[in-house]
1. Residues being hydrophobic (A, V, I, L, M, F, W, C), more than 56 Å from the chain's Cα centre (by Cα) and either exposed (fewer than 10 other Cβ atoms within 10 Å of the Cβ) or within 19 Å of Leu2 (Cα to Cα) (or both): count how many of those fall in region 129-148.
2. Please identify the pairs in which a residue from region 77-94 that is among the polar types (S, T, N, Q) has its Cβ atom under 7 Å from the Cβ atom of a residue that is surrounded by 12 or more Cβ atoms within 10 Å (Cβ to Cβ) and assigned to a helix (DSSP H, G or I), counting only partners at least 6 apart or on another chain.
3. Within region 5-39, how many residues are of a type in the set (Asp, Glu) and over 13 Å from the mean Cα position of the chain (by Cα)?
4. Picking from Arg112, Arg129, Arg125, Arg100, which residue would you name as being in a helix (DSSP H, G or I), within 18 Å of Ser28 (Cβ to Cβ) and basic (Lys, Arg)?
5. Look at Thr7 and say whether it is under 30 Å from Gln121 (Cβ atoms), out of contact with any Asp or Glu (no Cβ under 7 Å at 6 or more places or on another chain) and either exposed (fewer than 14 other Cβ atoms within 10 Å of the Cβ) or not polar (S, T, N, Q) (or both).
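What follows draws every value from the coordinates through simple rules; no lab data is involved. Worth saying up front: this structure is predicted, and the values here are computed from it rather than measured. A quick note on method: Cβ atoms are made from the backbone with ideal geometry, for glycine too, and the neighbour counts reach across all protein chains shown.
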Amino acid sequence: MLREMKTLVGHVALKIQRNDVLLNRKKSEHNTLITQIDSFEKEISAIEMLSRSLYPGGETNKAKIFAIQRRQGALKRKLADIKVQKSQKMLEQEKCEQERLAIFEKRKLLDRKIKKYESLQQQARKNKRISDAKIEDNEIEERISWRR
């Protein structure tokens, strides 16, 4: 029984190690996604500032106004593309966070399992010591009774 408990503890410990590796990978992936989202936000704010700075400040001709409008249109398309990419990364980040939480919950479950197996192992050792002590007491009593 003790050997079986030791084997179970070893298996759960191995699962915990694998789980920790997965958890670290998810944390790294999550941090990467957050960094990418931050860079998209910076790029969005830079494009918005550039778009605002394009407005003419004085007399302009028709060609210059059309050029500004073309440039603003291109910036709006680029801004829309970046916002779509940002929303995709945010969805990935949410999914990653959910997976990370699931892995963390699995880790807590494995921790409870290993504690359970260790306590069962301790109980089995204690029962064996008590059993051995009873056997030894019985043998001593038997020797004493035979000597009389």
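1. Let us first name the residues in region 129-148 that are hydrophobic (A, V, I, L, M, F, W, C), namely 130, 133, 135, 140, 144, 146.
Keeping just the survivors that are more than 56 Å from the chain's Cα centre (by Cα) gives 140, 144, 146.
Still in the list and also either exposed (fewer than 10 other Cβ atoms within 10 Å of the Cβ) or within 19 Å of Leu2 (Cα to Cα) (or both): 144, 146.
The total comes to 2.
2. Gln85/Phe40; Gln93/His30; Gln93/Leu33; Gln93/Ile34; Gln93/Ile37
3. Going residue by residue through region 5-39, those that are of a type in the set (Asp, Glu) are 20, 29, 38.
With over 13 Å from the mean Cα position of the chain (by Cα) added as a condition, the list becomes 38.
Number of matching residues: 1.
4. Values: Arg112 fails: within 18 Å of Ser28 (Cβ to Cβ); Arg129 fails: within 18 Å of Ser28 (Cβ to Cβ); Arg125 fails: within 18 Å of Ser28 (Cβ to Cβ).
Answer to the check: Arg100.
5. Working: under 30 Å from Gln121 (Cβ atoms): yes; out of contact with any Asp or Glu (no Cβ under 7 Å at 6 or more places or on another chain): yes; either exposed (fewer than 14 other Cβ atoms within 10 Å of the Cβ) or not polar (S, T, N, Q) (or both): yes.
It is true that Thr7 is under 30 Å from Gln121 (Cβ atoms), out of contact with any Asp or Glu (no Cβ under 7 Å at 6 or more places or on another chain) and either exposed (fewer than 14 other Cβ atoms within 10 Å of the Cβ) or not polar (S, T, N, Q) (or both).
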